[in-house]
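What follows is calculated from the coordinates using simple rules that are stated; it is not laboratory data. Values in this document were obtained by computation on a predicted structure and should not be read as measured data. Here the Cβ positions follow ideal geometry from the backbone for every residue, glycine too, while neighbour counts run over all protein chains shown.
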């Protein structure tokens with residue numbers, strides 16, 4: 001929704017990494033094993049992927065980064081990329097209580113055929129375990145198990161949460177309520193970006 005409204009490409013590192021993980025390559029094996037264990041992929045791998053993608057022509061007017069940066073070294077890398085392009089970094093913290101976040105993750109079910117996403121707590125399929133659109137059996141992502149999620153949250157607390165202070169000190173951090181409906185969350189984020197991108201003196 002946000003990408004469509006702002007006409008910006010999405011760089012979702014999770015999607016890119018899952019694509020890499022499906023490949024029968026040394027890098028694919030490393031990424032697949034790392035994700036299955038609930039760990040984060042190394043900064044070195046993500047840096048190469050993001051740097052190359054941001055340099056493509058469709059990112060000249062900006063882009064939406066989803067899943068990057070997650071660590072201070074990644075944030076500093078993004079700073080250098082941004083400075084080289086003369087662009088501004090706007091960081092959106094989508095604030096969601098942890099108990100709700102866990103339900104969103106553990107309840108997620110994906111259709112491997114059409115890509116539809118369900119949630120057994122908030123958006124269940126009409127028939128349990130079956131996609132409404134094509135009747136395919138739904139699957140649970142390997143990183144959506146309770147054990148993997150606990151590891152991801154622990155790593156978030158250790159490595160990613162410090163980014164909130166890092167960007168807050170730079171005046172780049174803006175928080176929105178993530179418990180609202182997706183349409184409202186998207187509208188709130190778009191409003192922040194549009195306000196910050198408006199010419200000086202504009203209403």
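A compact table of results
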item: Percent of alpha-carbon pairs separated by more than 17 Å within segment 135-195; result: 65 percent
item: Bins of 5 Å from zero: percent of alpha-carbon pairs in segment 1-94; result: 2, 12, 23, 25, 18, 13, 7, 1
item: Choice from 168, 152, 109 with maximal GNM fluctuation in the chain (Cα, 10 Å cutoff); result: 168
item: Sequence of 173, 72 once ranked by neighbouring C-beta atoms within 10 Å, starting from the fewest; result: 72, 173
item: Sequence-separation-based contact order of segment 2-197, relative, with Cα cut under 8 Å and 6+ spacing, percent; result: 25 percent
item: Compactness of the chain - radius of gyration and Dmax, Cα, Å; result: 18.0, 54
item: Ranked 163, 17, criterion: other C-beta atoms within 10 Å, fewest first; result: 163, 17
item: Helix 146-155 axis, angle to the chain major axis (alpha carbon atoms, nearest 10°); result: 20 degrees
item: Nearest-ten-degree value, helix 43-54 long axis tilted from longest Cα axis of the chain; result: 70 degrees
item: Centre separation in Å (Cα based) which lies between segment 128-154 and segment 176-192; result: 25 Å
item: Packing-based exposure ordering (other Cβ within 10 Å, fewest first) of 122, 68; result: 122, 68
item: DSSP bridge orientation in the chain - percent antiparallel, rounded to nearest 5; result: 45 percent
item: GNM top mover of 57, 129, 107 - the chain, alpha-carbon springs below 10 Å; result: 57
